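The values are calculated or read from the model by the stated rules, or taken from the named source; none is laboratory data. In this text the structure is predicted, and so the values were computed from the model without any measurement. Every residue, glycine as well, gets a Cβ built from its backbone with ideal geometry; the counts of neighbours run over all protein chains shown.
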Amino acid sequence: MQTRVITPYVRELVRQYRFADLASHDYNSALRLALTPDGPHDSDESLRIYQSLQNMLTAAAQISKLFWPTIDPDAVAERRLFVKARSKTLRTLAQVGNGSLLETRRVRNSIEHFDERLDSVMIDPPNAVIDSYIGRLNAIVIENSTRVNLRSYDPYSGDLSLLDDSVPIRDLFLEICRVGHNAEMWLEAHPWPSDH
């Protein structure tokens with residue numbers, strides 16, 4: 001694929017990596033304030049942590065779409081072939097293979113289909129709903145009750161759970177960083193004429 005065609009996609013990879021990096025800095029700042037022996041004292045601190053985590057997931061979902069797009073079966077053949085070639089080229093230059101955390105649709109769906117997943121849970125409502133919990137999940141014991149975790153984050157394991165679907169956010173962030181660095185290196189080696 002020609003450099004002038006793939007470059008805007010590579011730049012988008014870098015942009016999403018930078019968004020995730022900014023979110024990581026925000027997360028670390030908020031977590032330092034929130035993690036005291038008694039846990040978060042300020043609801044704004046918890047909100048900032050979840051905002052940062054959601055921003056990281058959103059960046060991961062955008063990157064995932066660039067690498068593994070949903071191809072409209074009704075699209076003209078030329079477009080389907082272009083999308084397949086473009087996504088394969090991006091995965092190759094960013095050195096992303098099958099099995100990457102970015103490939104899993106659950107990362108994408110954690111954000112994009114939250115409403116549908118919430119509907120499925122609330123049709124038969126659980127006895128307890130845990131939302132925006134920060135700490136070890138096994139620290140919450142509710143006897144004889146069904147429960148659902150809308151949002152919970154374990155800063156010790158690095159697992160973020162949305163409606164009981166867990167994502168290892170630290171590992172995901174490291175994968176975003178690896179991809180972002182590879183994309184930056186590719187851009188340095190393939191400058192656009194306007195980049196000189």
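Values for this structure:
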quantity: Residue match in the stretch 93-109 (condition: within 30 Å of SER43 (Cβ to Cβ) and either at pLDDT 95 or above or surrounded by fewer than 15 Cβ atoms within 10 Å (Cβ to Cβ) (or both)); calculated: yes
quantity: Subset of the stretch 164-186 [surrounded by 17 or more Cβ atoms within 10 Å (Cβ to Cβ) and aliphatic (A, V, I, L, M)]; calculated: VAL167, ILE169, LEU172, ILE176, VAL179, ALA183
quantity: Tabulated pairs, the stretch 56-75, first within 10 Å of LEU13 (Cα to Cα), second of a type in the set (Val, Ile, Thr) and not in a loop (DSSP other than H, G, I, E, B), C-beta under 8 angstrom, 6+ apart or interchain; calculated: ALA59/ILE176; ALA60/VAL107; ALA60/ILE176; ILE63/ILE176; ILE63/VAL179; SER64/VAL107
quantity: Lone unmet requirement of (1) modelled with pLDDT under 95; (2) of a type in the set (Lys, Arg); (3) out of contact with any helix residue (DSSP H, G or I) (no Cβ under 6 Å at 6 or more places or on another chain) for ARG15; calculated: (1)
quantity: Filter result for LEU47 (among the aliphatic types (A, V, I, L, M), crowded, with 17+ Cβ neighbours inside 10 Å, in a helix (DSSP H, G or I) and within 18 Å of the chain's Cα centre (by Cα)); calculated: no
quantity: Every residue from the stretch 2-24 that is under 12 Å from GLU184 (Cβ atoms) and of a type in the set (D, E, K, R); calculated: ARG11, ARG15, ARG18, ASP21
quantity: Criterion violated by LYS65 - all others in (1) in contact with a strand residue (DSSP E or B) (Cβ under 8 Å, 6 or more places away or on another chain); (2) part of a helix (DSSP H, G or I) satisfied; calculated: (1)
quantity: Number of the condition not met by LYS65 [criteria: (1) of a type in the set (D, E, K, R); (2) at pLDDT below 95; (3) touching a Gly at 6+ places or on another chain (Cβ under 9 Å)]; calculated: (3)
quantity: Leading residue by the ranking (surrounded by the fewest Cβ atoms within 10 Å (Cβ to Cβ)) among those in the stretch 128-156 that are in contact with a strand residue (DSSP E or B) (Cβ under 8 Å, 6 or more places away or on another chain) and of a type in the set (Ser, Thr, Tyr); calculated: SER145
quantity: The stretch 119-144 residues that are on the phi > 0 side of the Ramachandran plot, paired with ones that are modelled with pLDDT under 75 and surrounded by 12 or more Cβ atoms within 10 Å (Cβ to Cβ) (beta carbon under 8 Å, 6 or more apart); calculated: GLY135/GLY39
